[in-house]
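Visitor: The following block contains the structure, expressed as structure tokens.
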Amino acid sequence: MSRSFCKLFIVICMVFITARLSASNPDSIVNFQIDVNHASLEEISRLPVDEKTARAIYDRVLNRGYFTSIYQLKEIEGIDQELFNKLKPLIRIEPLKELTSVQEKIEQIYYQLDRWNSDEGLDNAFIDLWIERALSPMNVNNMNYDDLVNLRSVSPVDAVAILKHRPNVHWIRNERDLRSVPGLSNYAWRSIRYFVDYKDQDFSAGGSQWHGNIIMRVDNTPFMADEAEQSQEASLSTLTSSVSSGFNYLPNTYLKGRLTYKNQYKIGFSFTRNLNEPTHYLNEGQFRIPEGKFYLGMENTSLGPINLDKLYIGNYSVTFGQGIIMENTDFFAPRKSGYGFRKRFRGISGDISQTRQYKLTGAAAEISYQNLSATGFFSMNDRDAILNRKLPGDSSETSFNQLIVLDQRFFYALDDSMRDSNHDDLSWLNAVREMTYGGHLQYTFMPGAFLGLTFYESAYDRPIEPDPYQIVGFNYDGNSQWNLRQVTADSEIKQSYGGAVSRGSNPFWPDAKSFRRVFGFDFQTVVKNVAFQGEYAQLDKGGRIFSLGENPQAYVVSAYTQFSSFNILFLYRNYDIAFDNPYQRSFSNYRRYKGTMFEDYYYLQSVLYGQLYASNPQPQSEEGFYIDSYYQISRKFTAGLQYDNWTRKPDAAKMYRLVGTLNYSPIYPVSFQIRHKWQAREEDNRQTTSRYYTNNELRARMLIRLSGYNSIAFMYSNSKVINLPRPRIFNDIVLDGEAITANYIHNFNQYLKFSGMLSFYKGFLWNFEDTQFVVVDSDRGAFRYWMALYARLSHNLAVRMKYTGESHIPLSGAHFSASNYTQEEYMGKMFNADWQRKFTNLYYLEFSYNF
């Protein structure tokens, strides 16, 4: 696979270079003239000019755009009339092709599109919105609060500042007027200007009424789990699985497209298949349609006194408040506060993300009347879940144990022989049918001040019976009894929602056997430069509505203030252990089931059941206080601080996390950054084996900005984790990590960029590699490197190619068994190896087309 990719990489590079060279001088064979607007520096150097003048001509085109007249050459220093007369018969100026308005916008922000199209750390709804607004800006004088706050780097304080300023000036006419808005931060202004216009678009005046983008990514990067051993075990299971399980050697594939007509009508589609998993189809027969996502949308339509803000049919996403009640994504984001890089999209939007387990399929609408707005949604989907086995002769309905987010959607857990097609045939794929509906009612008192009520209910066609013993491991002894492993389940597992309290019917669906109902409210107000936010929710377990102590509850409150050079966020959260809401995505340091036996995959019936923890997007049950602050001390110094002190409720474990960052830039091109993290769990409790009393991590980084947006950076990382001694181990367990990396970015021009990294690490390391976030670990040490090429083949089309290699320090005197081989002659035998080295070869290929 790696050799094939390398060949493909070389071929594409050669085709691109040939195309660019051909475009630079298409008619040189005919008339020997140089098209100076498309010529390379080498071609310009062949003219009768010195090296300095050739560079000046080349830089003039690169930095200021194409020549429109040959007489503009006389504006370049060093070209007098005599030299101009020599150059005139050797140079031609090709007529410039007029660009569309969208192409002009792409040329202005192509570097932003490069970043957004491949960003993996943000909500997909944000990326789609930013690209749409960048290509077709909205009139800032007509945008509401949600339109503004969903933009990049815009806080509630910034959005309210614009809304309150508009009536005072009647109309924001240009970028200068926007910059003068009182209370608008510099970061917000620098971001907003890419997404807004200052007049309504006139589609009748010409230009394309359609715009959008299409992106396709292919790579062979394996899925990452929090435990490195788990990903290795899971990989081993898949490789040794049978063909019937659906295993193949196909790479990760993600295709998505989005089209907008007149900024009002929207169409979106996507297809996702992860590494090695089978392709799932919507139908059977000769012409099968792969499972994917699709939506049709309509926005900003007047229905008399009522405005239809949004209407989506198909797949859509929903987010309300602080994410306690409803936010349907498959992905967990630690410390998702709703500010900065942890923003949360508000409202509903079309969904073409890689979310598969918690996708919503149906219809959703948002309407408004003066200060009152209402959102409603309905969805019917199949969910992946672990089904419970039954004793022989048990004729009751098959129940489901836990919903599970599967990174690789095989038909069965590949190493759980008790549920495969040869036994009970309990596939976890699409095992439960779920109907979900709900709504949000909100009244806005003034710009940025509102109160909202939220409700949703899910009904299932199977009973909910959470039973940890069915997941940990069991065998039938032939006497109507299960032989169970003796384990102690954590209270977070024991208090999972289900059982008798979940049994019930649904008036809208006769197949319903159980249900889950969550309700609550959220609020926000902005006073000058301070924003107060909060959300409260209860999981219905038979108690009275909003009666304290009768239903499991969860709530988050926060206060945020910003000045020109300083901002700070205070946040408090408290989640009951029994508040088991699969759509909860509110602030948390860790995901649900952290520290339970679901995290320790070797206890489980299948190592892949470890995804109950590793892929769980729900936050854990915790109570804590969080502070996040940024301060620009001077033009040369900036500082950041994060402090979190919280208690994990199931075992009352006390933890803290402190991160300090200091940036120093003595001169503009050079900057230094020092980041230090201190973290501990149960620091003062020596009676628990889960204690670690030191988790220090130091990162020092130097960045040198070169001309032409080029840069070079160096980073040194050192980490140390000290755990309490375990039984039979009398000393502390020390886990060290150390790494050094070097990054380089070179822009040949606005159409071609090369970037790469070389690193050596030993122990644990997390890092950003081009557009990907990676976590790696090596006991003996490893060299890791990657190189990426980003090429704009036209105004609309761009391609990104990346290769990653890793070579671990060899192991000598290896002693291993061949128990994982299927050949009978190797079973049970032991082998020796004098020298063994582990290699990794990964590739990443992306195409993006904006129009």
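Visitor: Using the structure shown, decide if residue 236 is open to solvent by 20 Å² or more (accessible area, probe 1.4 Å) and either modelled with pLDDT of 50 or more or assigned to a strand (DSSP E or B) (or both).
Guide: no
Visitor: Return only the number of the condition from (1) crowded, with 17+ Cβ neighbours inside 10 Å; (2) modelled with pLDDT of 85 or more that residue 72 does not satisfy.
Guide: Of (1) crowded, with 17+ Cβ neighbours inside 10 Å; (2) modelled with pLDDT of 85 or more, only one is false for residue 72: (1).
Visitor: Something else now. Can you tell me which residue is surrounded by the most Cβ atoms within 10 Å (Cβ to Cβ) among those in region 615-638 that are small (Gly, Ala, Ser), more than 21 Å from the chain's Cα centre (by Cα) and not in a strand (DSSP E or B)?
Guide: 621
Visitor: So, one more: Hey, any hits in region 683-703 for a residue that's touching an Asp or Glu at 6+ places or on another chain (Cβ under 7 Å), over 18 Å from residue 766 (Cα atoms), modelled with pLDDT under 85 and not hydroxyl-bearing (Ser, Thr, Tyr)?
Guide: yes
Visitor: Sticking with this structure for a sec: Can residue 415 be described as among the acidic types (Asp, Glu) and outside any loop (DSSP other than H, G, I, E, B)?
Guide: Taking the combined requirement at face value, the residue does not satisfy it.
Visitor: Only residues that are open to solvent by less than 60 Å² (accessible area, probe 1.4 Å), assigned to a loop (DSSP other than H, G, I, E, B), modelled with pLDDT of 85 or more and within 30 Å of residue 842 (Cα to Cα): list them for region 244-276, please.
Guide: 251, 274, 275, 276, listed by residue number.
Visitor: Looking at 604, 641, 612, 571 in this structure, which one is touching a Gly at 6+ places or on another chain (Cβ under 7 Å) and open to solvent by less than 50 Å² (accessible area, probe 1.4 Å)?
Guide: None of the other options fit; the residue is 604.
Visitor: On the basis of being open to solvent by less than 50 Å² (accessible area, probe 1.4 Å), at pLDDT below 95 and assigned to a strand (DSSP E or B), does residue 349 make the cut?
Guide: yes
Visitor: Now, a different point. What are the pairs, 6+ residues apart or on separate chains, where a residue within region 703-714 that is more than 13 Å from residue 755 (Cβ to Cβ) has its Cβ under 8 Å from a residue that is among the basic types (Lys, Arg) and open to solvent by 50 Å² or more (accessible area, probe 1.4 Å)?
Guide: 714/701
Visitor: Okay, moving on. Where the second residue is acidic (Asp, Glu) and at pLDDT below 85 and the first is open to solvent by 50 Å² or more (accessible area, probe 1.4 Å) and lies in region 198-221, which pairs have Cβ atoms under 7 Å and are six or more apart or on separate chains?
Guide: none
Visitor: Also: Restricting to region 377-391, name every residue that is open to solvent by 30 Å² or more (accessible area, probe 1.4 Å) and in a strand (DSSP E or B).
Guide: Passing the criteria: 378, 380, 382.
Visitor: Right, something else. What do you reckon, is residue 648 modelled with pLDDT under 95, of a type in the set (D, E, K, R) and either under 21 Å from residue 621 (Cβ atoms) or in contact with a strand residue (DSSP E or B) (Cβ under 8 Å, 6 or more places away or on another chain) (or both)?
Guide: yes
Visitor: Name the residue, out of 394, 407, that is under 25 Å from the mean Cα position of the chain (by Cα) and surrounded by fewer than 21 Cβ atoms within 10 Å (Cβ to Cβ).
Guide: 407 is the lone residue from the list that is under 25 Å from the mean Cα position of the chain (by Cα) and surrounded by fewer than 21 Cβ atoms within 10 Å (Cβ to Cβ).
Visitor: Any idea which of 403, 387 is touching a Leu at 6+ places or on another chain (Cβ under 6 Å) and within 28 Å of residue 315 (Cα to Cα)?
Guide: One residue alone meets the criteria, 387.
Visitor: Between a residue in region 352-369 that is under 22 Å from residue 402 (Cβ atoms) and any residue that is of a type in the set (Val, Ile, Thr), which pairs come within a Cβ distance under 7 Å, given they are 6 or more apart or on different chains?
Guide: Partner pairs satisfying both residue conditions: 354/272; 355/329; 356/272; 357/405; 358/329; 360/318; 360/436.
Visitor: Just to be sure before I move on: is residue 279 open to solvent by 30 Å² or more (accessible area, probe 1.4 Å) and in contact with a Lys or Arg (Cβ under 7 Å, 6 or more places away or on another chain) in the structure I sent?
Guide: Yes, satisfied.
Visitor: Scanning for something in a strand (DSSP E or B), touching a strand residue (DSSP E or B) at 6+ places or on another chain (Cβ under 7 Å) and either under 23 Å from residue 446 (Cα atoms) or of a type in the set (Ser, Thr, Tyr) (or both), does region 571-587 turn up at least one residue?
Guide: yes
The values are calculated or read from the model by the stated rules, or taken from the named source; none is laboratory data. All values derive from a computational prediction rather than experimental measurement. Don't worry about glycine lacking a Cβ; one is built from the backbone with ideal geometry, like all the others, and counts go over all protein chains shown. The protein model used for the area step is the full one, side chains on, heavy atoms only, and it has no ligands, DNA or RNA in it. Shrake-Rupley method; radii C 1.70, N 1.55, O 1.52, S 1.80 Å.
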